[in-house]
Amino acid sequence: TADGTGTIALQNQLSGMTSASMPTGSVLQVVQGQNASTYSTTSSSYSDTGLSASITPSATTSKILCVVSEVGFIHGSGSSLHTYCNLVRGSTVINGTHAQGDGDGDMHYNASSQVFLDSPSTTSSTTYKMQMKTSSGTVYVNWNGGSDYKSTITLMEIAG
């Protein structure tokens, strides 16, 4: 009441709220995958880094905002050292990044930070993962001379 005494009965105003009734652009769910395991490769073919997360969209019109922070390091000699990182939905590459070493043979920090808005057009469970390859030398994820790091992938379902 106005004078601070008594009680006010409120009905549950959100009882009929569903993901389908949320306005376009609303965040419907958030899922995060983390990986602290060390990954390394000398391969010129893409392989999974171990960083992944799955989400089940509530509608085919939903978008999935993918936010990736993968802590990588490259080591090798020559400026021809290139590292390539792909964001993959299922088996489809949907975005990628590239970094190049400076040729002095030292360890170089190479974080793959990606933000990508995907339209998977499905209500089935969908897995997003990271893959990496190198042109020469060695690429490491979550490792730098004994210091451990953690990579993350965050998936947000956005109402379409």
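The values are calculated or read from the model by the stated rules, or taken from the named source; none is laboratory data. Here the structure is a predicted model, which means the values were calculated and not measured. Glycine also receives a Cβ, built like all others from the backbone with ideal geometry; neighbour counts cover every protein chain displayed. Protein only, heavy atoms only, side chains kept; ligands, DNA and RNA dropped before computing areas. Shrake-Rupley method; radii C 1.70, N 1.55, O 1.52, S 1.80 Å.
For region 14-37, residues that are under 30 Å from Lys133 (Cα atoms) and open to solvent by 80 Å² or more (accessible area, probe 1.4 Å) total 3. Among residues of region 57-72 that are more than 17 Å from Gly33 (Cα to Cα) and open to solvent by 10 Å² or more (accessible area, probe 1.4 Å), those with a beta-carbon under 8 Å from a residue that is of a type in the set (Ser, Thr, Tyr) and not in a loop (DSSP other than H, G, I, E, B) at least six positions away or on a different chain give the pairs Ser58/Ser19; Ala59/Ser19. From the list Val88, Val31, Val27, the lone residue that is touching a Lys or Arg at 6+ places or on another chain (Cβ under 8 Å) and modelled with pLDDT of 95 or more is Val88. Of the residues Thr138, Thr127, Thr123, the single one that is over 19 Å from Ala36 (Cα atoms) and modelled with pLDDT of 70 or more is Thr123.
Among the residues of region 82-98, the ones that are among the β-branched types (Val, Ile, Thr), buried (at least 16 other Cβ atoms within 10 Å of the Cβ) and either in contact with a Leu (Cβ under 8 Å, 6 or more places away or on another chain) or not in a strand (DSSP E or B) (or both) come to 1 in all.
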